[in-house]
Structure formats: structure tokens, C-alpha cells
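Participant: My questions will all concern the structure given below.
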Amino acid sequence: MSDLLIELFSEEIPARMQQKAREDLKSLVTNGLVEAGLTYASAGAFSTPRRLVLTVEGLSSESPTLREERKGPKVGAPDKAVEGFLRSTGLTLDQLEIRDDKKGQVYFAVMEKPGRAAAAIIAEVLEKTIRTFPWPKSMRWGAGSLRWVRPLHSILCILTDEAGAQIVDLDIDGIAAGNASQGHRFMAPDRFAVTSFDDYSAKLKTAKVVLDAQTRADTIWHDAEQMAFARGLELVQDKGLLAEVSGLVEWPVALMGQIDDEFLGLPPEVLQTSMKEHQKFFSVKSPKTGRIEGFVTVANRETSDQGETILKGNQKVLSARLSDAKFFWENDQRLVKSGGLVAMGAGLSEVTFHNKMGSQAERIARIAALTAEIAPSVGADPALARQAAEVAKADLQSEMVYEFPELQGIMGRYYAQSAGLPDAVADACRDHYSPLGPSDDVPSDPVTVAVALADKIDTLTGFWAIDEKPTGSKDPFALRRAALGVIRLVLTNALRLNLTETFAKGYPGADTADLLTFFHDRLKVYLRDQGVRHDVIDAVLAMPGNDDLVLVVKRATALSDLLKTDDGENLIQGYKRANNILSQAESKDGVEYSFGADLKFVESEAEKALFVALDTAEEKINKAMSGDDFAGAMAAMATLRTPIDAFFTDVQINSENEIIRRNRLNLLSQIRKICLSVADVAKLEG
């Protein structure tokens with residue numbers, strides 16, 4: 001057994017590509033080795049800005065010898081048959097064996113493929129991996145044909161066993177594999193030889209390189225938190241930024257700076273976004289006020305002045321950035337205070353939303369009208385909700401949002417407050433985009449909910465009207481996300497909206513039935529994630545009222561709960577048995593048995609018990625359904641399990657007495673009718 005170490009050393013790899021790159025390196029190499037007949041015990045992949053690394057432990061020293069026997073044509077068969085067999089095996093006639101078979105003598109080919117040394121296999125697999133590596137973007141350099149994300153400088157590839165380390169013989173476009181690497185670009189640039197992964201990782205650490213990305217991230221966060229704590233401040237969490245920064249440095253050195261007083265009045269989101277987007281700084285806030293007062297930058301080296309020069313340079317660049325942000329903020333504030341959000345949003349009439357759906361201003365007018373229509377259904381004041389919709393997107397014309405598009409909505413709230421608008425309006429400006437994703441919080445304030453629903457429904461009905469629907473995996477206008485947003489708004493706030501009627505009030509010309517089907521598909525995905533079976537959802541969606549999502553979910557939840565019980569599962573089987581017998585009889589007799597059974601024709605106790613149970617259950621189910629008490633309806637239906645089981649055990653449906661037979665079939669019809677009143681249980685599987 002041997003251990004394999006591979007390092008692909010290059011210019012800086014973009015941070016966003018590193019995680020997938022190390023996963024790809026691991027899968028491509030290990031899969032290639034296994035396909036070639038080698039086995040291994042474990043593998044691990046690592047990355048820094050300048051290297052991709054793979055270690056494979058317990059690798060077999062060679063692939064096994066493979067022996068294959070293949071039966072051919074009979075001896076004396078036509079020449080063409082024998083020649084075809086020889087071509088398929090790559091053998092000559094004198095290399096074939098002749099063996100006795102049941103029907104005479106037959107040619108046999110015995111082929112043996114000798115095993116290969118691990119080093120030869122590794123060289124082939126690694127060369128193929130490097131030449132076909134799936135970088136999102138790659139480049140060529142110099143005169144060679146090799147493509148890599150950035151110029152590839154060296155390849156380290158060694159096999160280590162009890163006898164020592166062996167360099168794998170490999171040369172790719174003049175880059176020969178070796179046993180050497182190098183450390184930090186500035187602090188330890190000299191090359192050094194290694195004999196194993198342990199030797200490699202230890203020497204890298206001495207050469208100021210932290211190989212593991214998670215270790216770098218943990219170091220950054222720990223040091224930054226300690227610095228903030230020492231000043232009585234608190235680090236603002238940002239997992240995405242932490243992952244990115246840990247991919248920008250090989251030797252992380254956290255440095256903390258202070259924001260100049262002149263910028264402390266800027267909204268915290270502005271400070272945080274400016275520092276994150278432009279300079280990859282972590283924000284540091286006061287735990288008492290929530291105000292952003294400092295920052296942490298992460299250098300890629302230690303310096304003799306403890307980072308003072310680096311910090312001064314960063315502080316200078318930050319001041320220039322924040323001066324721009326302050327300028328934008330003050331200009332926007334002056335505009336709002338002189339003319340309000342109406343003045344800020346005036347230019348939206350010149351901004352096209354979509355060439356088939358008009359300008360942003362026209363869209364806002366539609367959203368405002370729809371918001372006023374929806375408002376009573378969500379408990380919002382129509383006039384206040386309309387006011388919120390009319391100004392909710394005004395900040396799209398602000399200088400701040402033009403510079404930082406990710407602040408749309410957030411800045412709208414600040415500008416609405418500056419304009420003296422009600423808090424509900426300001427909150428709607430900020431929150432009406434939500435929820436954007438499955439993990440986003442769902443707004444609950446009625447005014448915000450009304451605007452958010454109108455915004456998303458206008459988008460959906462508009463794109464449906466111009467026939468720009470999602471197809472396959474393509475959804476350029478994020479319509480699936482918009483539909484899921486509507487679903488979450490409705491369900492989280494328990495809104496009893498008739499979606500078909502609401503769609504009809506949206507953009508004119510949309511096929512509301514087709515759009516409702518699209519919503520049902522999104523709802524299926526949503527409910528499946530909640531653990532509701534797809535057939536249960538289908539059974540519920542087949543019922544009237546399927547454009548009331550709250551009703552649908554309540555019914556689906558109740559049915560799902562019923563099916564988790566023995567009574568529920570057995571009841572459905574009883575229904576299916578009754579339905580099958582009934583369907584066959586109706587087909588044979590050419591009539592529909594749906595006129596109700598008559599108690600005077602009942603003969604057995606089991607038959608009488610089912611008769612009484614059906615009447616009792618129907619009364620309870622009807623009462624429960626009228627109050628949308630689906631759990632109560634399902635519970636009443638579950639009581640039928642025992643009498644239905646007893647009926648099928650004790651009663652012969654096809655009595656010789658035609659009157660008795662018809663009565664019993666009408667009794668089965670009653671079972672079908674009651675079960676179908678709760679859900680289309682015929683769609684349930686099993």
C-alpha cells in the first residue's frame with residue numbers, strides 16, 4: 001500500500017471557485033483510479049489561493065490481473081463467424097482453445113490483461129484530470145495548449161511507501177511532476193522537497209501557509225472576535241464573506257481599524273455593504289447602539305510594524321469609498337426632503353421594466369391598484385396600502401441604490417422615514433421584496449403583505465400574459481421564486497385568498513387557469529419538503545376550492561395525518577375495494593348505483609352496522625367540512641374502517657336476490673360518496 005500526494009501550484013485561484021475545485025479534484029482523480037482497478041482507504045482535498053491539493057491514503061500498488069473467457073462459434077462454423085469472433089477478441093486462430101460442448105466442439109478465447117503499476121495509472125488519470133478540469137473559466141498562457149484557471153507553475157506528485165517517496169513520471173506541456181513545493185509568496189518563497197503528506201503540511205506551516213480552508217476561516221473569526229471584544233465591540237456575522245476571505249489568504253492576519261467620525265451617521269447597512277463589497281472588510285458594531293464603528297481587514301502576511309502600514313492604506317481607501325457613500329446619502333436625503341419619495345421616483349417613467357409590459361412607473365401603478373384590491377383580504381387599510389405601493393420602489397432611482405443595488409428596499413425605508421411617511425409605509429418599502437428565498441423571513445405586517453403579494457402577482461400575471469413562462473430548468477425572470485413567495489406569504493399569514501379571482505385583477509390577459517396549475521406545481525414542491533406525500537397533494541388538489549391555498553394545506557395535512565394511522569390506511573383500502581366492485585357492477589349493468597340504500601332491505605348485522613355508521617359519519621363529516629374542520633372530518637371518516645371491514649368479511653355483495661344486490665351496491669356507493677367528499681382518495685397510491 002502507498003500514499004499519494006498531489007499539489008497543483010498556480011497563480012491565485014478565485015476564492016469563489018476553490019471549494020468546488022477541490023471537490024472536483026478529489027472526485028476526478030479517485031474515480032479514475034478506481035475505474036483503472038486501484039483501491040484506496042481514504043482521500044482528502046485542500047485548497048489555498050495558490051494550490052489545489054489531494055492526498056490519497058492506502059492506495060494499492062498495482063491493478064489486478066484480469067482474466068476473461070469468452071465462448072465463440074462452433075468448430076467448423078462459417079469463416080465469417082470465426083473472423084468476427086477473432087476481431088472482437090483481438091486474438092488469432094491459433095490462440096483460441098477448442099473445448100467440448102453439449103453440441104460439439106466450440107472455440108473459446110482466454111484473454112488475460114496483466115495488472116499495471118499504480119504510478120503509471122496515476123500519471124494517466126492526473127494528466128486527463130488536469131487537461132479536462134471543469135473550471136467555470138480557464139485561460140491559456142505562453143505557447144502551450146494547456147488551459148487552467150490561472151497559469152499553472154508546478155505539479156507535485158509523489159507515491160510514498162515503506163521504501164520512501166517516488167516521483168510519478170508525468171510531464172504536461174513542459175511541466176514535469178516533482179517532489180517540491182513552495183511556501184508563502186512573500187514570507188517564505190523558497191522551494192522545498194517533501195516525502196509525504198505529513199511532511200508537506202508541516203513544512204507548509206513553517207513556510208507560512210495554512211493548508212486547510214476551514215482552519216483559516218476559524219483563525220480569522222477567532223482573531224477578529226477577540227480584537228472586537230477587547231474594544232467593547234462586536235463582530236457582525238457574515239458567513240459568506242468569511243468563506244470568501246479565507247480563500248484570499250494563505251496566512252491570515254486580522255487587523256482592526258476604526259471608521260472616521262464623519263461617516264458614523266451613515267446607515268449601518270450602507271457602511272457594511274460598502275466595506276464588504278469594495279474591500280472585503282468585516283463590520284464591527286457597538287452592542288449597545290447597533291452602530292457600525294469599526295472594521296476588520298485580513299492581511300495575507302505579517303509585517304515588522306504589526307500591520308500598521310497596511311491598516312493605514314486600507315483606512316485611506318475606505319475613507320474615499322465612504323466619502324462617496326456619504327455624498328450619495330446626502331444627495332438622496334436632500335431630494336426626499338424637498339419633494340418626497342414621489343420626486344425621487346419620478347424618473348421611473350423613463351425606466352423600462354419589460355419591453356412588452358411598459359415602464360417601471362406603469363408597473364407601480366398596476367401594483368398600487370392591485371394592492372388596494374388585496375388590502376381588505378389581508379387586514380390592511382386600502383388607502384395606506386396603496387400609498388405604500390406607490391412609493392415602495394422609489395429608491396430604485398436613488399444614487400445609493402444605483403451604487404449598491406443590494407440595498408434596494410433597505411434604503412427605501414430610510415427615505416420614507418425622512419419623508420415623514422407612516423411606519424407601515426416605510427416598513428413596506430423595505431420588506432415588500434420578501435421572501436426572496438426559502439429561508440427568508442416572511443413579512444406579517446398587513447400593509448407589507450398586501451404590497452408584497454401585489455408585487456409578485458403583477459410579475460407572474462404579466463409574464464403569463466406575454467407568454468414568458470419558465471421552461472425546463474430555465475427561469476430567467478425568477479417566476480418560480482415569485483410563486484413560492486406568494487405561497488409562503490399566504491400560508492404563513494393564513495390568508496383566505498381566492499387566487500383565481502386575485503389573478504384576474506392582475507396584469508390583463510393572463511391565463512389564470514394555467515397560472516393556477518403552475519402554483520399547484522410549486523405548492524407540491526413546497527409541501528413535499530414539509531413531508532406531505534405527492535399523491536396526498538394530488539388527492540386534495542382535485543377537490544373544489546383548490547385556489548384557496550390555506551384550505552388546500554389544511555386538507556392535505558389532515559389527510560396525511562389520517563394515512564399515518566392503521567385506520568386511515570385500511571379505510572382507503574376499503575374504499576378502493578368498494579369502488580372496484582361498484583365500478584364493475586355499474587359497467588356490467590349499465591346503470592349508476594347512487595340512489596341510496598334502504599334500511600328495510602338490510603339482512604345481516606354487519607350490513608346494518610355499516611348502514612348506521614355511514615349515516616352517522618356523513619352527518620359529522622358534513623358539519624366538519626362546513627367549518628373547514630378537516631381533522632374532524634378525517635376523524636369521522638376513520639370511524640368507518642371497522643364497519644367496512646366487517647361488512648366485506650360477513651356480506652356477499654352479489655346476492656341472488658336482485659333487490660338485495662342493488663341495495664348493497666347502493667350501500668357501497670354511499671362509501672364512495674362519503675370518502676370522495678373529503679378528498680379524491682382514488683388518487684392515493686397503495
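The values are calculated or read from the model by the stated rules, or taken from the named source; none is laboratory data. Predicted, not measured: the structure shown is a model, and the values here were computed from it. Please note: Cβ atoms are built from the backbone with ideal geometry, for glycine as well, and neighbour counts cover all protein chains shown.
Participant: Only one of these is closer than 18 Å to Leu54 by Cβ and not polar (S, T, N, Q): Ala119, Ala143. Name it.
Facilitator: Just a single option satisfies the conditions, and that option is Ala119.
Participant: Hey, can you tell me all the residues within segment 335-376 that are modelled with pLDDT under 95, assigned to a helix (DSSP H, G or I) and either surrounded by fewer than 17 Cβ atoms within 10 Å (Cβ to Cβ) or small (Gly, Ala, Ser) (or both)?
Facilitator: Of everything in segment 335-376, those that are modelled with pLDDT under 95, assigned to a helix (DSSP H, G or I) and either surrounded by fewer than 17 Cβ atoms within 10 Å (Cβ to Cβ) or small (Gly, Ala, Ser) (or both) turn out to be Lys337, Ser338, Gly339, Gly340, Val342, Ala343, Gly345, Ala346, Gly347, Ser349, Glu350.
Participant: Do we find a residue being outside any strand (DSSP E or B), at pLDDT 95 or above and buried (at least 19 other Cβ atoms within 10 Å of the Cβ) anywhere in segment 79-92? Give the derivation first.
Facilitator: Step one: of segment 79-92, the residues outside any strand (DSSP E or B) are 79-92.
Next, from what is left, pick out any that are at pLDDT 95 or above: none.
Looking for residues that are outside any strand (DSSP E or B), at pLDDT 95 or above and buried (at least 19 other Cβ atoms within 10 Å of the Cβ), one finds none in segment 79-92, hence no.
Participant: Oh, and also: Among the listed residues Ala585, Ala609, identify the single one that is over 18 Å from Asn657 (Cα atoms), among the small types (Gly, Ala, Ser), in contact with a helix residue (DSSP H, G or I) (Cβ under 6 Å, 6 or more places away or on another chain) and surrounded by 12 or more Cβ atoms within 10 Å (Cβ to Cβ).
Facilitator: Ala609
Participant: Restricting to segment 279-328, and then to whatever is on the phi > 0 side of the Ramachandran plot and surrounded by fewer than 13 Cβ atoms within 10 Å (Cβ to Cβ), can you tell me which residue is farthest from the chain's Cα centre (by Cα)?
Facilitator: Gln306
Participant: Also, I was wondering about something else. Condition (residue is of a type in the set (S, T, N, Q) and either free of Cβ contacts under 8 Å to residues at least 24 places away in the same chain or more than 24 Å from Val449 (Cα to Cα) (or both)) applied to segment 532-551: is it met by at least one residue?
Facilitator: No: zero hits.
Participant: Return only the number of the condition from (1) polar (S, T, N, Q); (2) closer than 18 Å to Met634 by Cβ; (3) surrounded by 15 or more Cβ atoms within 10 Å (Cβ to Cβ) that Thr565 does not satisfy.
Facilitator: (3)
Participant: Further, regarding this structure: From the list Ser60, Ser47, Ser27, Ser10, exactly one residue is under 30 Å from Leu242 (Cβ atoms) and in contact with a Phe, Trp or Tyr (Cβ under 8 Å, 6 or more places away or on another chain). Which is it?
Facilitator: Matching residue, one of Ser60, Ser47, Ser27, Ser10: Ser10.
Participant: Moving on. Tell me, yes or no, whether segment 106-117 has at least one residue that is of a type outside the set (A, V, I, L, M, F, W, C), surrounded by 15 or more Cβ atoms within 10 Å (Cβ to Cβ) and closer than 30 Å to Asp24 by Cβ. Break it down stepwise before answering.
Facilitator: Going through segment 106-117, the residues of a type outside the set (A, V, I, L, M, F, W, C) turn out to be 107, 112-116.
Applying the additional criterion that residues be surrounded by 15 or more Cβ atoms within 10 Å (Cβ to Cβ) yields 107, 115-116.
Of the ones still in play, those that are also closer than 30 Å to Asp24 by Cβ are 115-116.
Yes, segment 106-117 contains at least one residue that is of a type outside the set (A, V, I, L, M, F, W, C), surrounded by 15 or more Cβ atoms within 10 Å (Cβ to Cβ) and closer than 30 Å to Asp24 by Cβ.
Yes/no per residue for (1) in contact with a Leu (Cβ under 6 Å, 6 or more places away or on another chain); (2) aromatic (Phe, Trp, Tyr):
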| residue | (1), (2) |
| --- | --- |
| Gly509 | no, no |
| Arg522 | yes, no |
| Tyr526 | no, yes |
| His534 | no, no |
| Pro544 | no, no |
| Asp561 | no, no |
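Participant: Here is a follow-up. Filter segment 119-146 down to residues that are over 30 Å from Ser88 (Cβ atoms), in contact (Cβ under 8 Å) with a residue 12 or more places away in the chain and not in a strand (DSSP E or B), then give me how many there are.
Facilitator: Of the residues in segment 119-146, 14 are over 30 Å from Ser88 (Cβ atoms), in contact (Cβ under 8 Å) with a residue 12 or more places away in the chain and not in a strand (DSSP E or B).
Participant: I would also like to ask the following. Could you list all residues from segment 236-264 that are out of contact with any Lys or Arg (no Cβ under 8 Å at 6 or more places or on another chain) and under 15 Å from Ile292 (Cβ atoms)?
Facilitator: Gln237, Gly257, Gln258, Ile259, Asp260, Asp261 - these are the residues of segment 236-264 that are out of contact with any Lys or Arg (no Cβ under 8 Å at 6 or more places or on another chain) and under 15 Å from Ile292 (Cβ atoms).
Participant: Next question, about the same structure. What number goes with the only condition from (1) over 19 Å from Val442 (Cα atoms); (2) in a helix (DSSP H, G or I); (3) not aliphatic (A, V, I, L, M) that Cys429 does not pass?
Facilitator: All conditions are met except number (1).
Participant: Exactly one condition in (1) loosely packed, with under 14 Cβ neighbours inside 10 Å; (2) touching a residue at least 12 places away in the same chain (Cβ under 8 Å) is false for Val34; which is it?
Facilitator: (2) is the only condition that Val34 fails.
Participant: A follow-up question, please. Can you tell me how many residues in segment 433-454 are assigned to a loop (DSSP other than H, G, I, E, B) and more than 17 Å from Arg480 (Cα to Cα)?
Facilitator: Taking segment 433-454 as the starting set, the residues that turn out to be assigned to a loop (DSSP other than H, G, I, E, B) are 433-445.
Remaining after also requiring more than 17 Å from Arg480 (Cα to Cα): 441, 443-445.
Of the residues in that region, 4 qualify.
Participant: Among the residues of segment 453-501, what is the count of those that are within 20 Å of Pro382 (Cβ to Cβ) and basic (Lys, Arg)?
Facilitator: 2
Participant: Would it be correct to say that Thr55 is touching a Pro at 6+ places or on another chain (Cβ under 7 Å) and β-branched (Val, Ile, Thr)?
Facilitator: Spelling it out, it is not the case that Thr55 is touching a Pro at 6+ places or on another chain (Cβ under 7 Å) and β-branched (Val, Ile, Thr).
Participant: Only one of (1) in contact with a strand residue (DSSP E or B) (Cβ under 6 Å, 6 or more places away or on another chain); (2) free of Cβ contacts under 8 Å to residues at least 12 places away in the same chain; (3) among the polar types (S, T, N, Q) fails for Thr92. Which number is that?
Facilitator: Here Thr92 meets the rest and fails (1).
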